[in-house]
Structure formats: structure tokens, C-alpha cells
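Participant: Sending over a structure as C-alpha cells; questions will come in a sec.
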């Protein structure tokens, strides 16, 4: 696919005119160090000035291939003309009124779209927020209100956000939780299905294992919600074995527990379905979305069964900026582009290309323990040669080598040993192949 299908604002080629980082980026990083809190870290020491298609342009004129999409946010590209036009029109009309004071049609239209798009034909309601963490936290509020129970179960390797409650739900200590406690109470953790490390345990057996822990350590009668990422994001792009998610959803329904799918990273065509839970026909009670929802503007949502969503008292949900009109305009344009341009299929095409290339890499390098993922959400788990022992240093070194050659690559995983790839669906095959060529060279040079 050609990037011209999407946008022409940025030349779609990798170009290095200085070393990475260049002098202007180095200057700005010095200013950043002096002005920005030290806890706000950056993956690459370069400063962007333009972006579009599959390219990010830095202040020194370097064109970098984008295999990160701002962590799965810019699914339709960083400067989709459709999104830009919609936001420009809205900003000229008004930027804010607060939906809880004087509402506007854009919020209602986004809610209608999400009610239509999310899995299940049941009656639905939607509430809009700003960030993924905020939406996850509100899904728990809603579940507690509906069930009049307090306990929440999350899973090993989970990532749900940086608020106090979502930090409690997140499994990884550094950098997300370290030194920030005490955390919210009544949050419990169950074992996930992790096929690469589960020694042959299938999805149904893994679900039985998790349910046994939940029943013994929490008790179904105390449990408001089970919250799970259908494919984990920060935890390492872990896709549970077939049968795991449906078995959990069935158990929740049988026990009056709200089943919450956190699709913040997996939603909006990212995995080759509009939502990842659709692949196994799982219909969540509540689904949480953000990231790819609005073309780069801050927006998130909780969508779910009408009787659950309506259980909260009037005024119990909301926030000053939730469902901001600019973000709503961007979301409607993004959703239209995903549907009109066939981006669900585009994600599947990207999957086929990437899996072919990365599987060949795995065959040639025994430090590649597993290649996994779906759609444009693909990962490589790196290990010590011929073993399952995590190799975070190799992941860090490969990413750094790619960065030096103008390719944006991210790492993740509880052990930091996973390379993750989240290219925008607007990237061309040529750019994608070139980025993977750079990755191949990095592995050879680090052999």
C-alpha cells in the first residue's frame, strides 16, 4: 500500500542529515532537562516538528520511520487530512463548554458510534473521559456501583495506567509503581495465560487456574469486576491462549461479575479487528477505549451494557474536559477513516508482512524466543541464546541501534526483553520493509 492513500504532508522516506540526536535536538534536550520534571522520561532524544504517514521529522531535518505510533495512538497517521479538517472546523466554532454544563452534539455522536462499533447487539451506553487510565478507573467505579461489591481482579503482567487505582492494578513495579504507594485497596491479581512461558498449558486450563485463584483468594460474591487486556500492551504483547478469554467471560457472567475488556491499546483496528476481543467472539460487559480513538487528541471512553452503565447516580461520572469537542470531532473523523479506508484489513496486511520478516529473523537468530501478536501490534521476545531466560540488554541494544539509524522502536515486557512494533496503519509497505531491514542489520551487528 502506498502512503499516498493517506497523506502527502511529509515526504515518505527515511533521511538522516545529522547523527541522532542532532545539534538542535541536543540543545532542546538541555532545555528540557532544565524545565521539565526528571520523572518525565523520553525514549528518543529527538524533538519532532512534523509527522505524517509513517514518518516523524525532527528539528534537525531527520526523517525517522515510525514503528511506534506514539504508543498506538496515531493509527490513522499523525496528520490525517480528514482529522485535521474536522478539528480545524470545530476549533473555529468553539473549543470548550463542558458537556456537563452545556452539552453538544459531538459527544453524543461519538457515544452513538461506540455503541454501534463495540461487540454485542445489546443496548449500550457510553461515557467519555480523557485518558486510558481515567477510563479504566471509571469502569471500576461503574462496576462497583452496579454490583455493590468492592473487589477487582487484574492479571499478571497487566498495565492499566498511572492513577492510584490503576497503578494498583498494574503489575510492573519500575517505573510505574516504585515509591508511589500506598495504593488503592481491594485489588487482586490472578495468573494470566502466557503461552510462551506456560509449558503447554492451554487456554481452558489457564482459565481454570486463574478462576481457582479468584475463588479462593477473593470470592465471587465479593468481586465487582475482572479487568483484562485481550492482548497485553506494556506487559509484553502477550496474547492469551485460545479459550482463555471466553472461559473467563463465561465465569463472570455466571457469577454476576462485570467483565471489563481494557482495549486502550488494542482497539480501533490495531489488531486486525476493530476490537481484539472480537477474534474469539467475546462480548464484554464494559469495554474501555482510548489511544487510537481520536487521531492523537486526548479522548477515552467506557462503553457497556445499558443497565450497568446507567447504575451510577446522576453526576457520578464526568469531568471538566471529558469528551472535549475537539477530541470528539477528531474521533468521528478517525472512525470514519478506519471504516472508509478499510484499515482493519490494512492491519491484517501489515501483520502478514511483519510476521514473515520477523519469523525469518527468528529462524536465523536463536536469541529470538518468540514472534507474536496480531495486526499492527507485533512483538519479538528476546532471550538468552537457546533458552527462555529474558534478555533485556539485547532488547535495549537493538532498540538503541535502530534509533541511531532513524527507526523508532519501542520495548516493553515485565522483564524489559520485548521489542514491540506499533506502526501507524498509514505506513507504506516500503517504509515498513526498510524499518525491518534496519532491524535485521542491528541483530547481525549485535551478534
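The values are calculated or read from the model by the stated rules, or taken from the named source; none is laboratory data. Since the structure is predicted, the reported quantities are computational estimates derived from the model, not experimental observations. Methodologically, a virtual Cβ is constructed for each residue, glycine included, from the backbone with ideal geometry; neighbour enumeration extends over all protein chains shown.
Participant: Inside segment 250-271, can you point out the residues that are surrounded by fewer than 24 Cβ atoms within 10 Å (Cβ to Cβ) and either under 12 Å from residue 289 (Cβ atoms) or under 21 Å from the mean Cα position of the chain (by Cα) (or both)?
Facilitator: none
Participant: If the requirement is being farther than 28 Å from residue 273 by Cβ and touching a strand residue (DSSP E or B) at 6+ places or on another chain (Cβ under 7 Å), which of these qualifies: 111, 143, 151? Please lay out each step first, then the result.
Facilitator: On the way: 111 fails: farther than 28 Å from residue 273 by Cβ; 143 fails: farther than 28 Å from residue 273 by Cβ.
Every option except 151 fails the conditions.
Participant: Given (1) within 24 Å of residue 272 (Cα to Cα); (2) assigned to a helix (DSSP H, G or I); (3) more than 21 Å from the chain's Cα centre (by Cα), identify the lone condition not met by residue 326.
Facilitator: Among (1) within 24 Å of residue 272 (Cα to Cα); (2) assigned to a helix (DSSP H, G or I); (3) more than 21 Å from the chain's Cα centre (by Cα), the lone unmet condition for residue 326 is (1).
Participant: Would you be able to tell me the number of residues in segment 410-419 that are in a loop (DSSP other than H, G, I, E, B) and in contact with a strand residue (DSSP E or B) (Cβ under 6 Å, 6 or more places away or on another chain)?
Facilitator: Selection size over segment 410-419: 2.
Participant: Which residue, of 368, 257, 264, is touching a helix residue (DSSP H, G or I) at 6+ places or on another chain (Cβ under 6 Å) and either assigned by TED's automatic domain parsing to the domain that holds residue 437 or more than 19 Å from residue 69 (Cβ to Cβ) (or both)? Steps first, please.
Facilitator: Values: 257 fails: touching a helix residue (DSSP H, G or I) at 6+ places or on another chain (Cβ under 6 Å); 264 fails: either assigned by TED's automatic domain parsing to the domain that holds residue 437 or more than 19 Å from residue 69 (Cβ to Cβ) (or both).
The unique qualifying residue is 368.
Participant: Moving to a separate point now. From the list 351, 356, 278, which residue is touching a residue at least 60 places away in the same chain (Cβ under 8 Å), assigned to a helix (DSSP H, G or I) and either in contact with a helix residue (DSSP H, G or I) (Cβ under 8 Å, 6 or more places away or on another chain) or more than 30 Å from residue 254 (Cβ to Cβ) (or both)?
Facilitator: Details: 356 fails: touching a residue at least 60 places away in the same chain (Cβ under 8 Å); 278 fails: either in contact with a helix residue (DSSP H, G or I) (Cβ under 8 Å, 6 or more places away or on another chain) or more than 30 Å from residue 254 (Cβ to Cβ) (or both).
Step by step, each of 351, 356, 278 is checked, and only 351 is touching a residue at least 60 places away in the same chain (Cβ under 8 Å), assigned to a helix (DSSP H, G or I) and either in contact with a helix residue (DSSP H, G or I) (Cβ under 8 Å, 6 or more places away or on another chain) or more than 30 Å from residue 254 (Cβ to Cβ) (or both).
Participant: Just checking, does segment 85-107 include any residue being modelled with pLDDT of 95 or more, within 19 Å of the chain's Cα centre (by Cα) and not in a strand (DSSP E or B)?
Facilitator: No - not one qualifying residue is present in segment 85-107.
Participant: If you scan segment 60-84, which residues turn out to be in a loop (DSSP other than H, G, I, E, B) and within 27 Å of the chain's Cα centre (by Cα)?
Facilitator: Passing the criteria: 62, 67, 68, 73, 74, 75, 76, 77, 78, 79, 80.
Participant: Looking at segment 142-172, which of its residues are surrounded by fewer than 16 Cβ atoms within 10 Å (Cβ to Cβ) and either within 20 Å of residue 256 (Cβ to Cβ) or modelled with pLDDT under 95 (or both)?
Facilitator: 148, 150
Participant: Then there's this: Determine, yes or no, whether residue 361 is in contact with a helix residue (DSSP H, G or I) (Cβ under 7 Å, 6 or more places away or on another chain), assigned by TED's automatic domain parsing to the domain that holds residue 54 and outside any loop (DSSP other than H, G, I, E, B).
Facilitator: yes
Participant: Within segment 425-442, is there a residue that is outside the structural domain of residue 272 (by TED's automatic domain parsing), part of a strand (DSSP E or B), in contact (Cβ under 8 Å) with a residue 40 or more places away in the chain and under 19 Å from residue 362 (Cβ atoms)?
Facilitator: no
Participant: Only residues that are crowded, with 20+ Cβ neighbours inside 10 Å, touching a residue at least 40 places away in the same chain (Cβ under 8 Å) and touching a helix residue (DSSP H, G or I) at 6+ places or on another chain (Cβ under 8 Å): list them for segment 381-404, please.
Facilitator: 381, 398, 402
Participant: Checking residue 87 against (1) without any contact (Cβ under 8 Å) to a residue 60 or more places away in the chain; (2) in contact with a helix residue (DSSP H, G or I) (Cβ under 7 Å, 6 or more places away or on another chain): exactly one of these is not met. Which one?
Facilitator: (1)
Participant: Just to be sure, is residue 373 outside any strand (DSSP E or B) and touching a strand residue (DSSP E or B) at 6+ places or on another chain (Cβ under 6 Å)?
Facilitator: No, not satisfied.
Participant: In this structure, is residue 270 part of a loop (DSSP other than H, G, I, E, B) and either farther than 21 Å from residue 70 by Cα or in the same structural domain as residue 114 (by TED's automatic domain parsing) (or both)?
Facilitator: Answer is yes for this residue.
Participant: Name the helices (runs of 4 or more DSSP H) wholly within segment 125-236 that hold at least 1 residues that are free of Cβ contacts under 8 Å to residues at least 60 places away in the same chain, assigned by TED's automatic domain parsing to the domain that holds residue 255 and within 19 Å of the chain's Cα centre (by Cα)?
Facilitator: Qualifying helices (runs of 4 or more DSSP H): 132-147, 164-169.
Participant: Just a yes or no: is a residue in segment 2-10 more than 23 Å from residue 345 (Cβ to Cβ) and either in contact with a helix residue (DSSP H, G or I) (Cβ under 9 Å, 6 or more places away or on another chain) or in contact (Cβ under 8 Å) with a residue 24 or more places away in the chain (or both)?
Facilitator: Checked against the condition, which is being more than 23 Å from residue 345 (Cβ to Cβ) and either in contact with a helix residue (DSSP H, G or I) (Cβ under 9 Å, 6 or more places away or on another chain) or in contact (Cβ under 8 Å) with a residue 24 or more places away in the chain (or both), segment 2-10 yields at least one hit.
Participant: Are any residues in segment 294-306 in contact with a helix residue (DSSP H, G or I) (Cβ under 6 Å, 6 or more places away or on another chain) and closer than 12 Å to residue 111 by Cβ, and if so, which ones?
Facilitator: Within segment 294-306, 299, 301, 302, 303 meet the criteria.
Participant: If you go through segment 237-249 one residue at a time, how many are in a loop (DSSP other than H, G, I, E, B) and surrounded by fewer than 24 Cβ atoms within 10 Å (Cβ to Cβ)?
Facilitator: Number of matching residues: 3.
Participant: Given the criteria assigned to a helix (DSSP H, G or I) and in contact with a helix residue (DSSP H, G or I) (Cβ under 8 Å, 6 or more places away or on another chain), does residue 20 qualify?
Facilitator: no
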